[in-house]
Protein chains: 2
Amino acid sequence: MQRKVSADSLKQFAQACFVAVGISNEDADWAAHTLVEADLQGLETHGVMRLMAYVNGVSIGKINPRPNVKVHRTGPVTSVMDGDHGLGSVTGRQASELAVELARDNGLGAVTVKRGNHLGALSIYTEWATRFGMIGLLCCNAFPSVPPWGGRRAYFGTNPIALAAPTDGDYPISIDLATSVVARGHIVMAAKRGEPIPEGWAIDSMGRPTTDAMEALDGAVLPMAGPKGYALALLVEILAGALSGAKLGDEVGTMFGDDPEPPGTGFFYLAIHPDYFVGRPAFIERIMRLVDDIHETPLAQGTDHIYIPGERRFLEKVRRRRDGIPIRQETWDEFSALAARYPITLPEVLDER
Amino acid sequence: MQRKVSADSLKQFAQACFVAVGISNEDADWAAHTLVEADLQGLETHGVMRLMAYVNGVSIGKINPRPNVKVHRTGPVTSVMDGDHGLGSVTGRQASELAVELARDNGLGAVTVKRGNHLGALSIYTEWATRFGMIGLLCCNAFPSVPPWGGRRAYFGTNPIALAAPTDGDYPISIDLATSVVARGHIVMAAKRGEPIPEGWAIDSMGRPTTDAMEALDGAVLPMAGPKGYALALLVEILAGALSGAKLGDEVGTMFGDDPEPPGTGFFYLAIHPDYFVGRPAFIERIMRLVDDIHETPLAQGTDHIYIPGERRFLEKVRRRRDGIPIRQETWDEFSALAARYPITLPEVLDER
């Protein structure tokens, strides 16, 4: 069965769960916001289907509910952070705010984070910079799931990279992509539902192609576009892993399971202020020209609209704000378990089918 | 017939050609170096097969042999450059030097270039930063050859992105990739030789898949990994095109042909100093750990070695320094025409077969 719930009700529920495991009201509010925001945008794998994993993560010690985050300003435009294994969403926001602040005064700001944690949808943080008229660029390393091209053992994470640029339209341009063929979350989701995965997504532990989601989780996800995806995963590992002092490559832990070891993920955030380049008005005009040009490109057969990165998520958000957020049965079962455990009132159901 | 020539002799020849069309000795020296360096590294499409196009470009006005390059320092870590349509290699080097200088004092340095020109192999410039222990990141826009995903008309260039990081081994990690399935140069080369191209590389002007290189040049090259490559091409267009004030998207001109309009390309260069993050010694140790880990990854069937980005080019360079650089007959014919035109002595041939 699929239920629909309102964003507000869902956020209240998620926040209460975070507070129940010892997270401050303020941090719980933001963490819940990021999950619901992902669901609103149709990014299910970064949404509340992860709530149980986060809550369990706090319970077993993977996530520090009251981290002592340390920020060290190393120069006029640079800072390094030690996230102390707090919620990735909370540390990610601090890093974003800091980078934007640095860039406001000097044109650029870069912040690395070590002892970060699972970050979720990167676009939430890059879009933060666009509120201040800036470009935000963010990448992070992640639990090993992708081998270097030609290898059969997972070494890199899905190592996503995201960039958002301000527009004067309804939504920013917001690029956010895993450097693997797919985000590992899609395979986690298929495994959870007992469904097969398409060919070309993954290899098993022996390096053989597989369509079995469980075997793929034991094996490796393939990099996007073969050697190019491998190179991009390495690019992300250099910036987010090597430069930050975080765990590197296959040292990075998982946010799932019973092992209390925190993931130890690294982030790299760069904010760029257009006023120090072509100037903000010219930049926005040029960005809008890109948007318009792309929308007006003659269509290939079978296409009815060319989407700007971020456009589809914006439209989905408008729809789901109005119609509610669909929650799968298996996620609802986790909600019910959480509601009974703490106890917390379940989100109000708008619609069941 | 294929000839082999020494790198030194080839460089002397290329330099003399550049000087013959009015480029200063110093600029000609560097421009010739970049072409020969590309050939040494096995990057034929960025090598001396382009010499005739550059020389003609100067003759017809696409390339300004004596540009009045303007640099405007906009803040402590940022500068904008107007390349005045000089050789891309010369402007690219100036931008790299400047970004490295800014990053030395402040941890980061970013330089954008407008009225740039054809840049060639980006890795030459990103590797520049590694000589100073820094990370170099460079991207540029280019003559339209790739449609946005779902479109059938070329809008983006192959929009390459490159990043190099210092190591304490024989070569830096040096990532350099077009965000299209292939660099347009490979299709130019196939067209020149009358050879077909593999399926999946390109569409014709009507948006239909094609294996005809000439039709592909009239049509469009596909982005790597479909929508992800489109998103990355846009990322590059935002940084190198929109932010720099350069020509944007399909306004960018070509370096080929008889139209005297310069390409008007834009560059974005970012230098990152590890001392302002994890510290240089720790960074190098961590980078070497990445290199070793990747080399030690268990191999997939059919693989005998996993290459680090830049490793293959380094090995090729060692080989070609020793054995000479192979020159195809059609390139040699162009050399002969140039040698007769100016007149210049042809490079010394080491070996013919």
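Say a paramagnetic label sat at a point 7 Å from the Cα of A:Asp323, along Cα to Cβ; which residues of the stretch A:16-42 have their backbone N under 16 Å from it?
A:39-42
How many square angstrom of accessible surface are buried between A and B, both sides summed, with a 1.4 Å probe and rounding to 100?
Working: alone 16020 and 16000 Å², together 25970 Å².
Chains A and B together bury approximately 6100 Å².
Per the Kirkwood formula on distinct C-alpha pairs, the Rh of the stretch B:181-222 is how many angstrom?
Across the stretch B:181-222, the inverse of the average 1/r is 9.5 Å.
Report the one residue of B:Leu51, B:Val69, B:Ser205 whose Cα lies farthest in the direction of the positive end of the charge dipole of the protein assembly as shown (charges on C-beta: Lys and Arg +1, Asp and Glu -1; origin at the Cα centre).
B:Val69
If you plug each phi of the stretch B:313-324 into the Karplus form 6.51 cos²θ - 1.76 cosθ + 1.60 with θ = phi - 60°, what whole-Hz ³J(HN,Hα) values come out, in order, with x for Gly and Pro?
5, 4, 5, 5, 5, 4, 4, 6, 4, 7, 9, x
For chain A, with all protein chains present and a 1.4 Å probe, just round the carbon and sulfur fraction of the accessible area to a whole percent.
The nonpolar share, carbon plus sulfur, comes to 48 percent.
Quick one: give the max-minus-min coordinate of the C-alpha atoms of the protein assembly as shown along each principal axis, largest first, in Å.
Principal extents (Cα only, largest first): 89, 49, 48 Å.
Convert 4 °C to kelvin, take the viscosity as 1.567 mPa s, use the Kirkwood radius over C-alpha pairs of the stretch A:46-127 as Rh, and evaluate the Stokes-Einstein diffusion coefficient in µm²/s, rounded to a whole number.
Estimated diffusion coefficient is 97 µm²/s.
Roughly speaking, what is the centre-to-centre gap between the stretch A:213-230 and the stretch B:46-124 when only Cα atoms are used, to the nearest Å?
Cα centres, the stretch A:213-230 to the stretch B:46-124: 37 Å.
Rounded to the nearest 20 debye, what is the charge dipole size of chain B about its Cα centre when +1 sits on each Lys and Arg Cβ and -1 on each Asp and Glu Cβ?
340 debye
Let me know the charge dipole size of the stretch A:252-320 about its Cα centre in debye, to the nearest 20, where only the beta-carbon of Lys, Arg (+1) and Asp, Glu (-1) is charged.
My answer is approximately 280 debye.
So, in Å, what gap is there between the alpha-carbon centers of the stretch A:174-190 and the stretch B:135-183?
Taking the Cα centre of the stretch B:135-183 as reference, the centre of the stretch A:174-190 is 22 Å away.
Starting with the highest mean, order B:198-210, B:339-351 by the number of other Cβ atoms within 10 Å, averaged over the residues of each peptide.
In descending order of packing, they fall as B:198-210, B:339-351.
If you wrap the stretch B:166-264's Cα atoms in a convex hull and average its projection over all directions, what's the area in nm²?
For the stretch B:166-264, the mean projected area of the Cα convex hull comes to 8.9 nm².
Would you mind getting the accessible area per residue of the stretch B:204-250, heavy atoms of the protein chains only, 1.4 Å probe, in Å²?
Values: 1440 Å² over 47 residues.
Per residue, the stretch B:204-250 has an accessible area of 31 Å².
Under a 1.4 Å probe, what is the accessible area of the stretch A:1-152 per residue, stated in Å²?
31 Å²
Could you work out how far apart the two model spin labels at A:Glu199 and A:Asp218 are, taking each label as a point 7 Å from the Cα in the direction of the beta carbon, and quote it in nm?
Each label point lies 7 Å from its Cα, and together they span 2.2 nm.
Averaged over peptide A:267-275, how many Cβ atoms belonging to another chain are found within 10 Å of each residue's Cβ?
Taking the mean over all residues of the peptide, I get 3.
Suppose R0 equals 22 Å. What FRET efficiency, 1/(1 + (r/R0)^6) with r the Cβ-Cβ distance, do B:Thr345 and B:Glu316 give to the nearest 0.05?
It comes out at approximately 0.25.
Once R0 is set to 41 Å, what does the formula 1/(1 + (r/R0)^6) return for the Cβ-Cβ distance between B:Asp293 and B:Glu101, expressed as a FRET efficiency to the nearest 0.05?
It comes to 0.80.
So for chain A, what percent of the C-alpha to C-alpha distances run longer than 37 Å?
Roughly 17 percent, once rounded to a whole number.
Per residue of A:286-292, count partner chain C-beta atoms within 10 Å of its C-beta, then hand back the mean as an integer.
5
Taking B:Lys247 as the anchor, which lysines have their alpha carbon closer than 29 Å to its alpha carbon, excluding any fewer than eight residues away along the same chain?
Candidates past the 8-residue exclusion: A:Lys228, B:Lys62, B:Lys70, B:Lys114, B:Lys192, B:Lys228.
Once R0 is set to 22 Å, what does the formula 1/(1 + (r/R0)^6) return for the Cβ-Cβ distance between B:Glu261 and B:Ser59, expressed as a FRET efficiency to the nearest 0.05?
Details: r = 14 Å, r/R0 = 0.65.
E between B:Glu261 and B:Ser59, to the nearest 0.05, is 0.95.
Looking only at B:Asn56, B:Asn117, B:Asn106, which one moves most when chain B is put into a Gaussian network model with springs between Cα atoms under 10 Å?
Result: B:Asn106 has the largest fluctuation of those listed.
The values are calculated or read from the model by the stated rules, or taken from the named source; none is laboratory data. Because the structure is a prediction, the values reported are computed rather than measured. Virtual Cβ from ideal backbone geometry, glycine too; neighbours counted across all protein chains shown. Note: areas computed on protein heavy atoms with side chains; ligands, DNA, RNA excluded. Shrake-Rupley method; radii C 1.70, N 1.55, O 1.52, S 1.80 Å.
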